[in-house]
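Heads up: the structure comes next, in structure tokens.
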Amino acid sequence: MSQMATRQWMVTHEWMVKPMHQREWIERRGIMIWIAETFTSLGAGLYLVSLFINSWWGLLVGWLIIMFLKLPLHIAYFGKPWRFYRTMPPFSNAWKTSWFARGILFSVFFGTFGFVQLVFGQPDLANLVGNSVANPIYYTFGVLAGLSAVGVGIYGGFIMNYVKGIPFWNQGLLPVVFILAGVADGFGLAMGVGLAGGDASIAWAEAGSRYLLLINILLIVTYLISARYTSAVAKLSIQELLTGPSAFMFWGGLITLGLVIPAAISLATLVSGGEASTVLLIIAIVAHTLGAFALKYCILKVGIYRPLLPKVAAY
Amino acid sequence: MRWGMVINLIKCTRCHACIAACRIEHFLPMGVNWPRLIAWETDVPGEELTTIPVRCNQCKDAPCVEVCPAEATKKREDGIVYVDNDICVGCRYCIIACPYQNRTFFSRDKDPGYFPGYERTRFEKAGRKIYPHTAGTTEKCDFCMDRIDAGLAKGLVPGKDREATPACVNVCQARALTFGDLDDPESEVSKLIKEKNAFQLHPEYGTDPSVYYIDGKIGNAPSNIAPREEQTASHLQHLSTMEERAKQIFGKK
């Protein structure tokens with residue numbers, strides 16, 4: 001190890017009088033949190049949308065995203081992954097105070113209820129046991145899985161919104177942004193399910209996507225404006241998003257790919273009165289999905305702490 | 001009873017002794033600092049750079065306790081907040097939630113050894129047996145609760161008797177650190193807080209930290225020059241306190 005590299009371990013001070021970025025959840029292994037959070041939005045959103053448009057294939061894909069992409073990534077991020085069971089009752093009652101623990105419970109409930117719903121919604125099995133038996137179970141567990149999916153989609157927002165030291169996150173609107181962005185992404189993926197030959201109605205998904213995109217644009221603008229006036233550090237976060245190091249991800253990823261391109265394609269389809277071509281739909285779906293990654297990246301990346309010392313408490 | 005600390009920034013000479021003492025007391029790996037110095041770069045051109053000592057504030061309403069999904073971060077009745085490293089899952093939510101950023105995630109890459117590239121020293125090897133830091137979990141200052149508990153068991157008074165007092169307080173040559181019971185109005189910490197107008201960091205968060213600061217500009221404190229007789233090599237005295245503990249662990253062999 002070089003002398004320089006050795007010396008870095010000798011540093012006993014930090015420059016925390018200035019606003020500092022959170023790094024644990026976006027740098028190095030923290031990238032897993034970013035990707036897992038995005039899959040949370042995509043999976044929960046697609047599940048909710050599929051419930052709405054009654055698409056079994058959409059439910060299946062949403063469930064798979066949560067169970068096989070989001071959860072493993074979250075657990076792999078843990079310093080002690082094999083202790084993950086300690087976050088759940090009866091080993092821990094932290095769900096009473098911790099949104100993280102609640103999120104894990106929501107995920108477990110979602111996995112269980114969703115599985116039962118998927119099993120009884122499968123046409124062959126429904127025919128085997130009879131629709132009179134399968135349908136009540138399917139719909140009952142659909143309601144339970146749907147409620148759990150809302151929990152899964154929204155808890156990340158509450159986790160971050162709780163952090164008092166990071167004013168950009170400490171906003172009441174954040175959970176709303178998370179869940180509505182997830183539903184919008186869900187509509188995007190539902191179009192993909194329909195395009196791939198599944199039972200999702202592309203027209204329905206496109207119509208839903210149109211409204212959600214509009215709502216999300218307004219929501220993000222509102223969020224930025226309200227955060228702008230909460231503190232100087234939140235303003236700094238917004239500056240980083242708009243003109244700073246995260247501007248490329250914000251303007252290129254979130255605004256252009258995530259909002260403008262899908263909205264333009266949707267608007268063009270609406271004006272022309274017909275259905276969008278397959279190529280345009282694929283572009284919209286890919287843009288939607290990349291936009292979902294960009295949104296979570298932007299939020300995590302510009303998480304800046306207030307300075308520690310009172311001299312600069314004006315931040 | 002609620003243990004607390006007062007840090008007198010006027011008396012503090014920024015000598016790093018508290019940081020060194022903590023490293024020795026807890027055999028901290030090189031990449032981990034429980035107490036730290038925050039570098040203060042003033043806006044005035046040419047003005048001297050200074051530092052401020054910080055450590056876990058042992059908050060009364062600690063966000064880290066509330067957010068821990070595994071209940072690995074716990075708060076004792078005496079106000080000390082500590083991490084049970086046998087339970088911690090390493091999710092790092094406590095690190096994010098701590099508004100004072102006084103927690104560290106201990107990963108293997110933060111443990112290169114005191115002499116990277118060489119075999120661990122005997123001191124390090126011994127330290128791993130006394131304080132086996134668990135890689136993949138979160139660490140923070142615990143006000144030397146082992147010393148406090150052992151001292152109380154012997155009938156000693158934390159803050160007055162060295163053996164029952166946190167290591168950083170013991171070694172502070174300028175007597176800038178004071179430890180004691182915040183709930184006792186007659187304790188030295190309570191008197192200092194009242195008389196010197198001590199303040200907490202970011203009280204607006206509502207966390208009610210147990211670490212208070214005295215600053216000349218705010219508290220109008222008198223001269224900070226410690227009496228000459230108190231400026232002893234107290235860190236050496238502290239080292240001697242480890243002897244009995246080491247005997248307990250290694251004495252059987």
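The values are calculated or read from the model by the stated rules, or taken from the named source; none is laboratory data. Predicted, not measured: the structure shown is a model, and the values here were computed from it. Cβ coordinates were reconstructed from backbone atoms using ideal geometry, including for glycine residues, and neighbour counts include every protein chain displayed. The accessibility values were calculated without ligands, DNA or RNA, using every heavy atom of the protein model including side chains. Shrake-Rupley method; radii C 1.70, N 1.55, O 1.52, S 1.80 Å.
Residues of the stretch A:256-303 that are part of a helix (DSSP H, G or I), over 21 Å from A:Ile238 (Cα atoms) and among the small types (Gly, Ala, Ser): A:Ala263, A:Ala264, A:Ser266, A:Ala268, A:Ser272, A:Ala284, A:Ala287. The set of residues from the stretch A:236-277 being open to solvent by 70 Å² or more (accessible area, probe 1.4 Å) and either touching a Pro at 6+ places or on another chain (Cβ under 8 Å) or more than 20 Å from A:Leu213 (Cα to Cα) (or both) comprises A:Gln239, A:Thr243, A:Pro245, A:Phe248. Residue count for the stretch B:56-80 under the criterion of being surrounded by fewer than 24 Cβ atoms within 10 Å (Cβ to Cβ), more than 9 Å from chain A (Cβ to nearest Cβ) and not small (Gly, Ala, Ser): the result is 8. Within the stretch A:146-176, which residues are more than 22 Å from A:Trp63 (Cα to Cα) and of a type in the set (Ser, Thr, Tyr)? Passing the criteria: only A:Tyr162.
When B:Ala164 is tested against (1) of a type in the set (A, V, I, L, M); (2) touching a residue at least 24 places away in the same chain (Cβ under 8 Å); (3) in contact with a Gly (Cβ under 6 Å, 6 or more places away or on another chain), exactly one condition is not met: (2).
Here is a check on your reading of the model: is A:Ser209 without any contact (Cβ under 8 Å) to a residue 12 or more places away in the chain, part of a helix (DSSP H, G or I) and polar (S, T, N, Q)? Taking the combined requirement at face value, the residue does not satisfy it. Please work out if A:Gly303 is among the small types (Gly, Ala, Ser) and within 14 Å of chain B (Cβ to nearest Cβ). When the stated conditions are applied, A:Gly303 passes them. Is one or more of the residues making up the stretch A:208-220 open to solvent by less than 50 Å² (accessible area, probe 1.4 Å) and in contact with a His (Cβ under 6 Å, 6 or more places away or on another chain)? Scanning the stretch A:208-220, I find no residue that is open to solvent by less than 50 Å² (accessible area, probe 1.4 Å) and in contact with a His (Cβ under 6 Å, 6 or more places away or on another chain), so the answer is no.
Helices (runs of 4 or more DSSP H) fully within the stretch A:64-167 that include at least 3 residues being touching a Leu at 6+ places or on another chain (Cβ under 9 Å): A:99-121, A:131-161. Considering only residues in the stretch A:66-88 that are within 14 Å of another protein chain (Cβ to nearest Cβ) and of a type in the set (A, V, I, L, M), the one that is farthest from A:Gly186 (Cα to Cα) turns out to be A:Met88.
For the stretch A:127-135, the count of residues that are under 30 Å from A:Val163 (Cα atoms) and open to solvent by 70 Å² or more (accessible area, probe 1.4 Å) is zero. Of all the listed residues (A:Leu51, A:Leu64), the sole one being within 30 Å of A:Gly197 (Cα to Cα), surrounded by 17 or more Cβ atoms within 10 Å (Cβ to Cβ) and aliphatic (A, V, I, L, M) is A:Leu51. Restricting B:Glu186, B:Glu229 to those that are out of contact with any Lys or Arg (no Cβ under 6 Å at 6 or more places or on another chain), at pLDDT 50 or above and surrounded by fewer than 17 Cβ atoms within 10 Å (Cβ to Cβ) reduces the list to B:Glu186. Here A:Gln122 clears all of (1) within 12 Å of another protein chain (Cβ to nearest Cβ); (2) open to solvent by 50 Å² or more (accessible area, probe 1.4 Å) except the condition numbered (1). The set of residues in the stretch B:95-109 that are in a helix (DSSP H, G or I) and either facing chain A (nearest Cβ under 9 Å) or open to solvent by less than 10 Å² (accessible area, probe 1.4 Å) (or both) comprises B:Ile95, B:Ile96, B:Ala97. A:Leu147 passes every criterion in (1) within 15 Å of A:Val183 (Cα to Cα); (2) out of contact with any helix residue (DSSP H, G or I) (no Cβ under 7 Å at 6 or more places or on another chain); (3) within 14 Å of chain B (Cβ to nearest Cβ) apart from (3).
Among the conditions (1) away from chain B (no Cβ under 14 Å); (2) within 20 Å of A:Ala181 (Cα to Cα), A:Phe115 misses just one, which is (2). Taking the conditions exactly as written (part of a loop (DSSP other than H, G, I, E, B), open to solvent by 20 Å² or more (accessible area, probe 1.4 Å), within 14 Å of another protein chain (Cβ to nearest Cβ) and under 22 Å from A:Gly79 (Cβ atoms)), does B:Pro112 satisfy them or not? Considered against the rule, which asks whether it is part of a loop (DSSP other than H, G, I, E, B), open to solvent by 20 Å² or more (accessible area, probe 1.4 Å), within 14 Å of another protein chain (Cβ to nearest Cβ) and under 22 Å from A:Gly79 (Cβ atoms), B:Pro112 comes out as yes. Of the listed requirements (1) under 24 Å from the mean Cα position of the chain (by Cα); (2) within 13 Å of chain B (Cβ to nearest Cβ), A:Phe91 misses just one: (1).
In the stretch B:20-33, which residue that is touching a residue at least 60 places away in the same chain (Cβ under 8 Å) and within 11 Å of chain A (Cβ to nearest Cβ) is most open to solvent (accessible area, probe 1.4 Å)? Checked the stretch B:20-33; the qualifying residue most open to solvent (accessible area, probe 1.4 Å) is B:Ala20. Would a scan of the stretch A:26-40 turn up a residue that is within 14 Å of another protein chain (Cβ to nearest Cβ) and among the basic types (Lys, Arg)? Yes, there is a match, as at least one residue in the stretch A:26-40 is within 14 Å of another protein chain (Cβ to nearest Cβ) and among the basic types (Lys, Arg). Among the residues making up the stretch B:147-182, those that are open to solvent by 50 Å² or more (accessible area, probe 1.4 Å), over 21 Å from B:Pro53 (Cβ atoms) and part of a helix (DSSP H, G or I) are B:Asp149, B:Ala150, B:Leu152, B:Ala153, B:Glu163. Can you find even one residue in the stretch A:75-95 that is within 30 Å of A:Thr230 (Cβ to Cβ), among the hydroxyl-bearing types (Ser, Thr, Tyr), open to solvent by 10 Å² or more (accessible area, probe 1.4 Å) and at pLDDT below 95? Checked against the condition, which is being within 30 Å of A:Thr230 (Cβ to Cβ), among the hydroxyl-bearing types (Ser, Thr, Tyr), open to solvent by 10 Å² or more (accessible area, probe 1.4 Å) and at pLDDT below 95, the stretch A:75-95 yields no hits at all.
Across the stretch A:212-231, the number of residues qualifying as out of contact with any Lys or Arg (no Cβ under 9 Å at 6 or more places or on another chain), more than 18 Å from A:Gly186 (Cα to Cα) and touching a residue at least 24 places away in the same chain (Cβ under 8 Å) comes to 4.
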